[in-house]
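Structure first, then comments.
The values are calculated or read from the model by the stated rules, or taken from the named source; none is laboratory data. If you're wondering where the values come from, they're calculated on a predicted model, not measured in any experiment. All Cβ positions, glycine included, derive from the backbone under ideal geometry; neighbour counts span all protein chains shown.
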Amino acid sequence: MMGRLGNVLLRLLGLLILVGAIGAAAFRAPDRSLESLVARWAPAPSDFIELKVDGATQLVHLRDEGPRADLHPIVLLHGTSASLHTWEGWVRALKSERRVITVDLPGFGLTGPNASGDYSDAQYLRFVGALLDHLQLDSVVLGGNSLGGEIAWEFALQAPLRVSALILVDAGGLAFTPQSVPLGFTLARLPVLRELMRELLPRQLIERSVRSVYGDPDKVSAPLVDRYFELTLREGNRAALLQRAKQMEPGQYADRLSTLKQPTLILWGGRDRLIPPDSAQIFRREIAGSRLVTFDELGHVPQEEDPARTVAAVQDFLKTLGP
């Protein structure tokens with residue numbers, strides 16, 4: 001009897017190993033080189049610059065569009081695991097009259113990882129300062145979504161004379177309790193599973209994560225998932241995300257919010273379950289004179305989900321700033 005049971009258990013173990021091997025083969029997603037991704041994800045007017053930050057040089061993917069005579073260009077920073085492509089709808093609407101600069105932050109998009117492995121807020125602030133220096137920009141309208149919004153308002157605290165106005169889109173930087181976290185972010189915080197993410201990455205995981213940050217998940221198209229999936233596979237990006245997850249310090253500068261003096265537009269998706277709309281009220285209350293516009297049916301990336309409606313609010317705001 002024990003012999004039969006042992007044989008059954010061995011067969012089950014063999015079957016589990018076989019199923020695991022098949023699953024690993026199906027979900028295996030090795031890193032992709034920058035060169036293999038450029039043709040699809042960096043068409044004109046994409047450019048690459050060599051940017052020196054803290055003595056180290058990094059190749060940075062950016063787009064610089066619109067009239068160079070603009071005295072206060074608009075610089076837009078994306079969120080975690082996103083890329084400059086998230087702003088394409090806004091750029092199309094703004095570039096006929098305004099200079100608009102979008103960039104892939106270190107650790108994401110085609111810029112990819114930095115040499116130091118430092119993805120702290122302080123390092124991102126140094127990156128933004130170095131970028132403005134490289135482009136010879138004294139003062140900009142600085143905007144950002146999620147992580148990008150967090151870096152935007154923190155940079156305005158650090159270098160107030162270099163930020164003439166702020167645009168915060170579902171911005172991070174406060175201590176908050178998410179109602180829902182994209183599955184990819186959750187796995188990045190679990191030691192065992194995050195190691196598996198270095199080699200295995202089901203496309204369905206990316207799709208599920210993107211759908212979770214949209215107010216209407218049906219707006220998430222296959223090409224959109226392709227973009228997030230393929231840019232996540234850019235060599236070094238997964239390792240960078242894991243490092244960023246360990247280096248996050250939510251709320252570290254929140255007690256200084258009230259010292260911001262720049263004209264500030266706050267945009268928020270009413271269905272944002274990652275950074276709930278309660279955070280929008282805190283930003284509005286703490287930043288004197290700020291203006292809040294909420295889009296009830298949109299999620300965490302409203303600029304991507306409905307660029308036409310959200311950029312209209314930006315255009316109205318820009319008119320109030322004067323020349």
- Item | Condition met for PHE108 (aromatic (Phe, Trp, Tyr) and either without any contact (Cβ under 8 Å) to a residue 12 or more places away in the chain or not in a loop (DSSP other than H, G, I, E, B) (or both)) | no
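Taking the condition of a type in the set (A, V, I, L, M), farther than 25 Å from TYR119 by Cβ and at pLDDT 95 or above, does LEU292 pass?
Numbers: of a type in the set (A, V, I, L, M): yes; farther than 25 Å from TYR119 by Cβ: yes; at pLDDT 95 or above: yes.
The answer is yes for LEU292.
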- Test for LEU231: is it part of a helix (DSSP H, G or I), at pLDDT below 95 and not aromatic (Phe, Trp, Tyr): no
- within 30 Å of ALA288 (Cβ to Cβ), modelled with pLDDT of 90 or more and of a type in the set (A, V, I, L, M, F, W, C), is that true of ALA222? no
- Residue check, LEU321 surrounded by fewer than 20 Cβ atoms within 10 Å (Cβ to Cβ) and either within 18 Å of the chain's Cα centre (by Cα) or at pLDDT below 95 (or both): yes
- Note on the structure: Of the residues in the stretch 78-91 that are of a type in the set (A, V, I, L, M) and buried (at least 24 other Cβ atoms within 10 Å of the Cβ), the one that is farthest from ALA171 (Cα to Cα) is LEU84
- Give the residues of the stretch 241-293 that are part of a loop (DSSP other than H, G, I, E, B), among the small types (Gly, Ala, Ser) and farther than 19 Å from LEU142 by Cα, sorted by residue number. GLY251, GLY270
- Task: Select from the stretch 115-143 the residues that are more than 16 Å from the chain's Cα centre (by Cα), among the polar types (S, T, N, Q) and either modelled with pLDDT of 95 or more or under 22 Å from LEU321 (Cβ atoms) (or both) and list them in ascending order.
- Result: GLN136, SER139
- Item | Candidates ALA245, ALA171 - the one that is farther than 17 Å from SER83 by Cβ, surrounded by 15 or more Cβ atoms within 10 Å (Cβ to Cβ) and modelled with pLDDT of 95 or more | ALA171
- Can you find a residue in the stretch 286-305 that is over 18 Å from the mean Cα position of the chain (by Cα) and within 19 Å of ALA175 (Cβ to Cβ)? yes
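Results for (1) out of contact with any Lys or Arg (no Cβ under 8 Å at 6 or more places or on another chain); (2) part of a helix (DSSP H, G or I); (3) crowded, with 24+ Cβ neighbours inside 10 Å, shown as yes or no for each residue.
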site	(1), (2), (3)
ALA93	yes, yes, no
THR102	no, no, yes
GLY117	yes, no, no
GLN123	yes, yes, no
ARG126	yes, yes, no
- Of (1) polar (S, T, N, Q); (2) closer than 23 Å to ARG68 by Cα; (3) assigned to a loop (DSSP other than H, G, I, E, B), SER164 satisfies all except one. Which? (3)
